[in-house]
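Coordinate-derived values only; no laboratory data. Keep in mind the model is a prediction, meaning the values are calculated, not measured. Note that we place each Cβ from the backbone using ideal geometry, even for glycine, and neighbour counts take in every protein chain shown.
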Amino acid sequence: MDNLERSVSEHETKVEKDREEWKIKVEKWNEKIKNDKAEVETKVEKDREEWKIKVEKWNEKIKNDKAEVEKIAKQKSMGFPWLAEAYADYFALKDGELEKYLKYKKHPAYTTAENVKQIKQAKRELLKENKIVSYKITYFEKLFPWLSELIADNEDEYIPVKIGDNDEDEGNEDRVNDFLTPEEYKSLPTVERNQMALDRYLKNRNKSKWAIGRDYEMYVGYLYEQNGYSIEYKGILDGFEDLGRDVIAKKDEEVCIIQCKYWAQYKEIHEKHIFQLFGTTMEYWIQNFRYSKKPKTFEEFAKFLNENKLRPIFFTSANLSGKAKEIANALNIEIRENEPIGEFPRIKCNINSDEFGQTKIYHLPMDQQYDRTIIGNRSGEFYAFTVKEAEDAGFRRAFKHRF
């Protein structure tokens with residue numbers, strides 16, 4: 001019995017001892033957790049403060065970069081190379097700072113630093129060349145405002161390059177293919193195929209500014225042609241050499257010098273375009289109305305304008321500014337604003353004559369010879385709305401399709 005009591009007593013003593021030991025261990029673990037939590041919170045707070053400082057530094061850097069770029073951009077000097085050099089130098093300096101950091105940080109990245117150095121040099125040259133071109137374009141746009149109409153909105157937009165009359169026909173590729181699937185091109189009859197391509201061309205919303213401008217000039221010419229005028233398309237045929245005379249319309253002794261601007265309606269036409277039209281009208285008068293060998297005077301020119309023998313007309317889809325209207329009125333320039341493009345026949349039905357007789361050919365807007373083809377010089381020539389109308393009149397599609 002004594003042995004049993006002694007064993008029970010020893011067991012209770014051991015249990016009590018173990019309980020005390022575990023209590024101490026639990027208190028130590030709780031203390032450790034508490035300390036670890038405090039340490040983590042301290043580290044998080046420290047990291048937060050460090051990142052806050054870094055963000056503030058980056059914001060300050062961005063602010064300084066913006067201020068420096070604006071300072072450079074505000075320079076009025078026309079010394080393009082110097083201005084571009086300053087711009088390129090500034091960003092080369094920033095890249096140099098990155099290069100230094102990579103070389104001398106705690107764990108240097110020498111290969112990356114060398115790559116950054118090479119990229120920095122190439123980037124500096126590209127920046128310099130880019131800014132020179134940018135400044136020149138801006139400067140030329142101020143001198144020749146009509147250039148802005150030919151600049152693409154995005155890199156995918158293109159201005160077609162005309163092919164000379166004697167260029168070789170490389171494969172005679174049919175541009176109708178651009179508006180049809182291969183299956184449609186192979187399976188559809190000629191009339192339906194060409195008409196479908198024309199319809200899709202007309203509905204295409206991704207035309208270049210050049211193509212839209214050409215369509216607008218043709219529409220304006222069509223309107224005047226319906227009123228008995230003979231039409232000469234200078235903008236389409238002469239391009240940069242049209243001197244701002246897009247359409248010349250003649251009837252009896254009257255000559256209309258028409259400048260066309262198909263712009264978005266939110267844009268506003270300013271007085272520089274009015275001045276250009278007035279100047280090109282005067283140049284046309286000087287070159288084409290030589291009734292005597294005496295030097296021409298401004299009074300003679302004004303008389304032509306007042307008698308409506310020579311009519312400068314500004315035709316646009318947009319609005320003119322108040323100042324532009326005021327100047328146009330003072331210079332006797334007629335204004336046709338808010339004139340959207342309307343429906344008009346696009347197919348040119350042309351008659352060629354040679355020793356073998358006459359050949360009747362029609363041209364679609366995407367065909368190679370479309371812009372160079374003049375309609376109205378021979379009896380029987382006309383503009384058709386549909387391919388069927390052209391073919392019913394005895395015209396065939398031009399063989400040269402490439403553009």
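Checking a compactness column here: for region 289-403, what do you get for Rg(Cα) / (2.2 N^0.38 Å), N being the number of residues?
Against the empirical 2.2 N^0.38 Å value, I get 1.58 for region 289-403.
Can you give the alpha-carbon Rg of region 207-336 over 2.2 N^0.38 Å, where N counts its residues?
Normalised Cα radius of gyration, region 207-336: 1.05.
Which residue, chosen from 51, 30, 13, occupies the Cα position most advanced towards the positive end of the dipole of region 1-55, where the dipole is computed from +1 (Lys, Arg) and -1 (Asp, Glu) charges on Cβ about the Cα centre?
Final value for the positive-end residue is 51.
Please state the shape class of region 1-55: rounded when a/c is under 1.5, otherwise prolate if a/b exceeds b/c and oblate if not, all from the C-alpha gyration tensor.
prolate
Could you line up 208, 7, 379 from fewest to most neighbouring Cβ atoms inside 10 Å?
379, 7, 208
Rank these for me by crowding, 366, 196, going from fewest to most other beta carbons within 10 Å.
Least to most surrounded, the residues fall as 196, 366.
Sorting 260, 349 on the 10 Å Cβ count, fewest up front, what's the list?
In order of increasing Cβ crowding within 10 Å: 349, 260.
Quick one: which of 251/303; 209/267; 267/309; 209/234; 250/348; 261/323 span more than 24 angstrom between C-alpha atoms?
Working: 251/303 19 Å; 209/267 15 Å; 267/309 32 Å; 209/234 17 Å; 250/348 20 Å; 261/323 17 Å.
Cα-Cα > 24 Å for 267/309; rest within.
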